[in-house]
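I have placed the structure first, in the form of structure tokens, so that the comments after it can refer back to it.
A short reminder: the numbers here are calculations on the coordinates, not readings from a lab. Only a predicted model underlies this, so the values are computations on that prediction, with no experimental measurement involved. Here Cβ is always computed from backbone atoms with ideal geometry, including for glycine, and neighbour counts include all displayed protein chains.
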Amino acid sequence: MATDSAARSPAIEGWYTLDDINPHLLGSRCDKCGTYCFPAQSGYCRNPHCDSTEFSEVKLSRRGTLWSYTNACYQPPEPFVAPDPFVPFAIAAVHLEREQMVVLGQVVAPLTVDDLEVGMPMELVLDTLHSDPNGDKIIWKWQPEARA
Amino acid sequence: MSANDIAIIGAGMTQWGKWGRNFAEYGVAAAREALADAGIPWQDITFVSGGATVRCGYPGYVAGATIAQALGWQGAEVNTSYAACASGSQALAAARTKILAGHCDVALVVGADTTPKGFLAPAKGYRPEDPDWVRFYLGITNPTYFALYARRRMALYGDTQEDFAAVKVKNAAIGSQNPRARYTKTFTADDVANSAMVADPLRLMDICATSDGGAALIVASLDYAKKIGKGDAPRVAAISTVTPTFASGTVEMPDIATDSAAAAGIEAINYRSQIPLKAYEEAGIGPEDIDLAEVYDLSTALELDWIEDLKLCEPGQAAHLLRAGDTAVGGKIPVNASGGLACFGEAVPAQALAQVCELTWQLRGEAGPRQVQGANVGITANQGLFGHGSSVIVKR
């Protein structure tokens, strides 16, 4: 397994910043009506009252509240790349206040559903989704907000 | 009686199972049973409306023409509808429109599918533009979504895993009396609790399987129905196949984020609860008029969501109905008297029609040990991918 930080690369290009301290998802915001989209949208606005074609890339809020959560007890099919042996992981649905939207993501290991509670404050972090011979593939994940 | 009603003069359905035969075989079997039930020859059908088979959520085979050819070309007009889980309802809506416009007197509506082998998974490669690919890459499967909704119920309303198990126990008990069901074994709450956890809080027995099966309806103008002595047949009083209105606040397969309700004048909505509104309006009735409901129990917890979304009770009260026995056959408002997806499994293009078949038999008083006493008005509900969902009201 590659551990060299130079071998880290995003699992999905252009969907999030690679800022280890304060990572953000990269979405779009309609220049006319303010509707957000993740992943980013261009060309048309989904708001039926808006005919805008102009959108700006925005960093989405990296903090939100836990809308709901679950886990994956069975190994998901491809294109998921599973470690051998497969290790269950938790999944969070987080509500972003400013964007008024819910975004899914894995929850960082070794946290389990027992560590989660609907309504708790959550924050976005970067973590490894999987590794291949070229290095670690980095993805966004959620975790309960770090307590000071 | 509305001028916009059509009559259901025949219903047919295969047993659900997992045999891997060509979907057209199931479609033909269901269609022949429906034709025999209607007492009319295949040659009298002038419109065949099929629900497209579904492969990994997307349209699969051209069903209407394939099944029409399998029954023997006889010159009918033909249609295939794709609307994910609502495909059967959309095929029914196409037939209704044709009949009400006076372009057709009697139509066959049919849906059938065979379960593809192996996992439901997207095409391979690196394809981040496909939301279905993205979610599987992140390890987010169908049960993930069902479980998020279930956990949300637990947090908001105090539902428990025991409540969810009770849905399975209820549906298995009544489904064991349905000769067309795939699973006819009864289960106890302990059986459910001892099944493997799939996506917390849902266990294997909380989640429906995928199946092979076919369902068919013969629908006709009221004049045609009267002419053949079936003027009192159950009628389709309403079909809703509406999309959500922006912004949908519930994260839906295959997306990894909801719509944003940040723009001025936009509110987050619950799509499921919007689907039956048009059906109630079109039928000119309200939830208080409903005698029984067939809902899409992809998971046990989702049945409880549907009961509230159909407004059969206030939000958060469905588990109370369940605990009181009100949603069982013999209760105040029986839900899934067929046994539901819990006993059938999903055969996507057939399922919405199978729900209407069950209502037809119930309203004719022919449901045997599953019979809901005094069943005069029934409603169906389902929802699938890409903003497709449907609700059908059948009455007599």
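Some points to look at:
- With only the Cα atoms considered, the protein assembly as shown has a convex hull volume of 153 Å³ per residue.
- Listed residues B:Lys18, B:Lys168, B:Lys124, most fluctuating in chain B (Gaussian network, C-alpha, under 10 Å): B:Lys124
- Charge context of A:Lys32, other residues only, Cβ under 9 angstrom, K/R +1, D/E -1: -3
- Selection of chymotrypsin sites (Phe, Trp or Tyr not before Pro), the stretch B:71-157, meeting DSSP coil and at most 13 other Cβ within 10 Å: B:Trp73, B:Phe119, B:Tyr126
- Gap separating the Cα centres of the stretch B:308-329 and the stretch A:61-83, nearest whole Å: 30
- Chymotrypsin sites (Phe, Trp or Tyr not before Pro) within the stretch B:233-323: DSSP coil, no more than 16 neighbouring Cβ in 10 Å: none
- Comparing B:Ala196, B:Ala209, B:Ala29 in a Gaussian network model of chain B (Cα springs below 10 Å), the most mobile by mean-square fluctuation is B:Ala196.
- Packing-based exposure ordering (other Cβ within 10 Å, fewest first) of B:Thr300, B:Thr141, B:Thr243: B:Thr243, B:Thr141, B:Thr300
- Over chain B, relative contact order from alpha-carbon pairs under 8 Å, at least 6 apart, %: 25
- For the peptide A:45-55, the mean number of other protein chain Cβ atoms found within 10 angstrom of a residue's Cβ is 3.
- A Cβ-based charge dipole, computed about the Cα centre of the stretch A:62-144 with Lys and Arg at +1 and Asp and Glu at -1, lands at about 240 debye.
- Size of the stretch A:62-144 as Cα extents on the principal axes (Å, biggest first): 39, 25, 20
- GNM flexibility winner over chain B from B:Ala279, B:Ala76, B:Ala352 (Cα, springs under 10 Å): B:Ala76
- Ellipsoid equivalent to chain A - semi-axes via the Cα gyration tensor, in Å: 28, 19, 14
- Qualifying GluC sites (Glu not before Pro) in the stretch B:243-290, DSSP loop, other Cβ atoms within 10 Å at most 15: B:Glu267
- Net +/- balance of residues flanking A:Val125 in space, Cβ distance below 9 Å, scoring K and R +1, D and E -1: -1
- R0 of 51 Å, Cβ-Cβ distance A:Thr112-B:Gln69: FRET efficiency to nearest 0.05: 0.45
- Taking B:Lys395, B:Lys227 and counting other C-beta atoms within 10 Å, the order from fewest to most: B:Lys227, B:Lys395
- Per-residue [θ]222 nm for chain B (sum of -39500 (n - 2.57) over DSSP H runs n ≥ 4, rounded to 500): -10500 deg cm²/dmol
- Summary value for the stretch A:62-144: 32 percent relative contact order, contacts being C-alpha pairs under 8 angstrom separated by 6+ residues.
- Inter-chain Cβ neighbour average for residues A:91-100, partner chain, 10 Å: 5
- With a 10 Å cut-off around each Cβ of A:31-41, the average count of Cβ atoms from other chains is 4.
- Toward the positive end of the charge dipole of the stretch A:62-144, with +1 on the Cβ of Lys and Arg and -1 on the Cβ of Asp and Glu, the farthest Cα among A:Val113, A:Leu129, A:Leu66 is that of A:Leu66.
- This model, with +1 at the C-beta of Lys and Arg and -1 at the C-beta of Asp and Glu, gives the protein assembly as shown a dipole about its Cα centre of some 1140 debye.
- Over the stretch B:55-213: Kirkwood hydrodynamic radius from C-alpha pairwise inverse distances, Å: 19.2
- Proximal lysines to B:Lys226, defined as alpha-carbon separation beneath 19 angstrom and excluding residues fewer than eight positions away on the same chain: B:Lys98, B:Lys395
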